[in-house]
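Read-outs: derived from the displayed coordinates by stated rules, not from any lab. Note that the structure is predicted; figures quoted are calculated from it, not measured. Cβ placement follows ideal geometry from the backbone for every residue including glycine, while neighbour counts extend to all protein chains displayed.
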Amino acid sequence: MHKPLLLVAFLGLAACTQQSQEEYATVAGSRLAISAEMTPGVIDAKFVLRINGAPVINDRTEPFGGTSQNFSGSYDGRPVSARVTAVSKMFSAYTMVDVFIDGQLVETLTI
């Protein structure tokens with residue numbers, strides 16, 4: 001009787017989206033609102049990077065791809081890349097996202 005309940009609880013936890021705070025950066029005179037979100041799956045996760053509310057990167061992580069993975073997209077004709085790193089410490093775990101526009105680091109987000 002409890003097995004279906006445990007399965008539903010596990011699947012519910014696996015589908016919880018984690019978001020960063022929206023951060024602001026100025027690039028070439030334009031102020032950009034940058035945010036990221038991860039939706040964990042069973043063996044991978046969905047990663048979305050938004051700039052000014054528009055999804056710039058919408059991709060899935062590689063299963064067993066290691067603690068750091070790179071993603072790319074474009075915004076307003078400029079190349080955008082994100083380095084997503086899983087950080088584990090003794091009593092905490094979080095995801096750090098370094099956002100690059102035109103090859104320049106413009107923001108570091110924490111999920």
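Spin-label model, Arg78/Asp59: points 7 Å from Cα along the beta carbon direction are separated by 1.9 nm. Rounded to whole numbers, the Karplus 3J(HN,Hα) couplings from phi for region 91-99 are 10, 8, 8, 8, 10, 9, 10, 8, 9 Hz, using 6.51 cos²θ - 1.76 cosθ + 1.60 with θ = phi - 60°, and x at Gly and Pro. The length gained on full extension between Thr110 and Glu23, counted as 0.36 nm times the residue separation minus their Cα-Cα distance, comes to 30.3 nm. For the chain, the longest principal axis of the C-alpha atoms and the axis of helix 2-14 are separated by about 10°. Computed from backbone phi with θ = phi - 60° and the Karplus coefficients 6.51, -1.76 and 1.60, the 3J(HN,Hα) list for region 80-90 is 10, 9, 9, 9, 9, 10, 7, 10, 10, 10, 4 Hz; x is used for glycine and proline.
Putting +1 on Lys and Arg Cβ atoms and -1 on Asp and Glu Cβ atoms, find which of Gly103, Phe91, Gly66 reaches farthest to the positive end of the dipole of the chain. Of the options given, the answer is Phe91.
For the chain, a simple Cβ point-charge model (Lys and Arg +1, Asp and Glu -1, everything else neutral) yields a dipole of about 280 debye relative to the Cα centre. What the Cα convex hull of region 17-110 gives, in volume per residue, is 97 Å³.
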